[in-house]
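Presented below is the structure to which this report refers.
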Amino acid sequence: MRRVRHMELLLAVVLILGIAAPAIAQTVIKLPVVAEITGGGAAVGAMWRDAVFMAVEEINRKGGILGAKLETSVQDTQTDPPTSVAVMRRVLNDKPFAIFGTVYSSSTVANMDIARQAGIPQFTGSESIIITQKGNDNIFLTSFTQDTGMAKFVRWLVEELKAEKVALVWVNNAFGKGGHDMIVQFMKERGKTLVADISTEVQQADFTPELTKVRGSGATHVIVYSHEEEDARFMIQLRKLGLSSSPSARPRSARRRRSRRAGPR
């Protein structure tokens, strides 16, 4: 319930602080969810949707916010950035109080200027450093950005795991590129370089070429910086290829990152 409690608090703070004070006088406050309900991001989008819905239900059971009930709906981006832009435009036509989503960074980078131009606050689960670099003061993040998260992750990787030969496999989109750049930067600051730096594609199914490169690099650890479905496929194929997969404890902030010891069994 930690995510639900967090989302409930976020909703309450948004409304009580009066980002758009006139809306508080309404009997219904619209808070649409724009998320990845189908496509490659469905697992993440469903969790985001459910957390918002559960928080809204709990707040409404307690009487709403200043007597106003919250109303939410869900719009599917199909995990496609251009579709997310069209969906965002459609949602804004209904003049919501605020928008929750998107989660995938590539979609958020594509659609956030539309919400900004409309003056509607946007809350996102995205992490890409690209989002904050754009200087958009209309968007609010619910998790660490990559400059914060990767600093913690690399410190843990180097100081606690004592990783010396590290390979990085990353997804080639806004989320993956941002994470890649921060990992490389913080590794360099600690005098470390990657033994393999390998990009992959969104929704990639076969990772045999990438795993072959990892094995050939002599890496003792591999960072897989991708999305949930691709992570799962990668790990299954890693085992099939005969590489070891020994999960190590990782810090709470290491969301959607996987660090594994990699080497012949």
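The values are calculated or read from the model by the stated rules, or taken from the named source; none is laboratory data. Keep in mind that this is a model prediction, so the values were computed, not measured. Don't worry about glycine lacking a Cβ; one is built from the backbone with ideal geometry, like all the others, and counts go over all protein chains shown. Surface accessibility is based on the protein's heavy atoms, side chains included, excluding ligands, DNA and RNA. Shrake-Rupley method; radii C 1.70, N 1.55, O 1.52, S 1.80 Å.
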message: Tell me whether the range 116-129 contains one or more residues that are farther than 23 Å from D50 by Cβ, of a type in the set (A, V, I, L, M, F, W, C) and in contact with a Ser or Thr (Cβ under 7 Å, 6 or more places away or on another chain).
response: yes
- prompt: Can you find even one residue in the range 51-68 that is out of contact with any Pro (no Cβ under 6 Å at 6 or more places or on another chain), closer than 30 Å to F186 by Cα, open to solvent by less than 10 Å² (accessible area, probe 1.4 Å) and assigned to a helix (DSSP H, G or I)?
  reply: no
query: Among the residues of the range 149-173, which ones are surrounded by fewer than 17 Cβ atoms within 10 Å (Cβ to Cβ) and in a loop (DSSP other than H, G, I, E, B)?
result: L161, K162, E164, N172
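Tell me which residues, restricted to the range 183-199, are assigned to a helix (DSSP H, G or I) and charged (D, E, K, R).
K188, E189, listed by residue number.
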task: Answer yes if at least one residue in the range 100-107 is under 24 Å from F175 (Cβ atoms), outside any helix (DSSP H, G or I) and of a type in the set (A, V, I, L, M, F, W, C), and no otherwise.
output: yes
- prompt: What about S143, is it at negative phi and crowded, with 20+ Cβ neighbours inside 10 Å?
  reply: no
